[in-house]
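Read through the structure below, which is laid out as structure tokens, and then see the notes.
The values are calculated or read from the model by the stated rules, or taken from the named source; none is laboratory data. All values reported here derive from a predicted model rather than from experimental measurement. Ideal geometry is used to build each Cβ from the backbone, glycine not excepted, and the neighbour counts take in all protein chains shown. What goes into the accessible areas is simple: the full protein's heavy atoms, side chains included, and nothing from ligands, DNA or RNA. Shrake-Rupley method; radii C 1.70, N 1.55, O 1.52, S 1.80 Å.
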Amino acid sequence: VGTPTAGGNLVATDLLAGSFIDALRNAMVIDGLGARFLTGLVGNIAIPKLTGSASAYWVAENTAPTESQQTIGQVTMSPKTVGAYTDISRRLLLQSSLDVEGMVQNDIAQILGLAIQQAAISGTGASNQPSGILTQVTASVIGGTNGAAPTWANIVQLESDVAVANADVGTLAYLTTAKVRGTLKTPSTVSGQT
């Protein structure tokens, strides 16, 4: 069957559509990290925010404290659009032994979800992207801009920095790369440590 005319034309190729192999993709993690999703919105939104608190004063008997007030700001948001497009021919839909329409819909749903997740983490706020978490927080990065090999002291410092900023409320989690996760799971090679 090595060549078509010597018998190869008699051997069929079975398409195992039921054993379709999907692409490997990044994990969807934002929902599991406690992100709040605002659904059913139809326009721009503004969320009130306390940006400054009143002040407390110790006073003597029969003395009034100094007046102070809260400062209120807003976090404004506007809709952003992400899209994907695939053209499927009529003949492919009719002749394929695989559910092409379902496969394309599933693929597009996954890539759109991953695009939303990527923007939620590191969206630049430019070129029609939303601003991601990394563009909204100001924090010192241990090891500089490009990071460094993390140590246990670095991990403790990360948690301490969040607590010192009074931000250790609600759902807290670590979001990191697979390489960093692997590094953190590597046993210590320092004598006397395990």
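What to note about this one:
- Criterion violated by ALA149 - all others in (1) small (Gly, Ala, Ser); (2) modelled with pLDDT of 80 or more; (3) in a loop (DSSP other than H, G, I, E, B) satisfied: (2)
- For first residues located in segment 41-60 and more than 13 Å from THR76 (Cβ to Cβ) and free of Cβ contacts under 8 Å to residues at least 12 places away in the same chain, partners that are open to solvent by 60 Å² or more (accessible area, probe 1.4 Å) and not small (Gly, Ala, Ser) and lie 6+ apart or on another chain with Cβ distances below 7 Å form the pairs TYR57/PRO65; TYR57/THR66; VAL59/PRO65.
- Yes/no for LEU134 being under 14 Å from the mean Cα position of the chain (by Cα) and open to solvent by less than 50 Å² (accessible area, probe 1.4 Å): no
- The residues of segment 67-91 that are surrounded by 10 or more Cβ atoms within 10 Å (Cβ to Cβ) and over 30 Å from LEU112 (Cβ atoms), listed by number, are SER68, THR71, ILE72, GLY73.
- Check on ALA27, under 46 Å from the mean Cα position of the chain (by Cα) and of a type outside the set (Ser, Thr, Tyr): yes
- Among (1) out of contact with any Pro (no Cβ under 7 Å at 6 or more places or on another chain); (2) surrounded by 13 or more Cβ atoms within 10 Å (Cβ to Cβ), the one test that ASN62 misses: (2)
- Unmet requirement for LEU112, which otherwise passes all of (1) within 30 Å of VAL162 (Cβ to Cβ); (2) without any contact (Cβ under 8 Å) to a residue 60 or more places away in the chain; (3) surrounded by 10 or more Cβ atoms within 10 Å (Cβ to Cβ): (1)
- Among the residues making up segment 5-19, a single one is surrounded by 10 or more Cβ atoms within 10 Å (Cβ to Cβ) and over 24 Å from SER96 (Cα atoms): GLY7.
- Taking the criterion of being of a type in the set (Val, Ile, Thr), farther than 18 Å from GLY34 by Cβ and modelled with pLDDT under 90, the residues of segment 118-144 that qualify are THR135, THR138, VAL141, ILE142.
- Qualifying residue in segment 62-80 (condition: over 28 Å from ALA35 (Cβ atoms), acidic (Asp, Glu), part of a helix (DSSP H, G or I) and more than 19 Å from the chain's Cα centre (by Cα)): no
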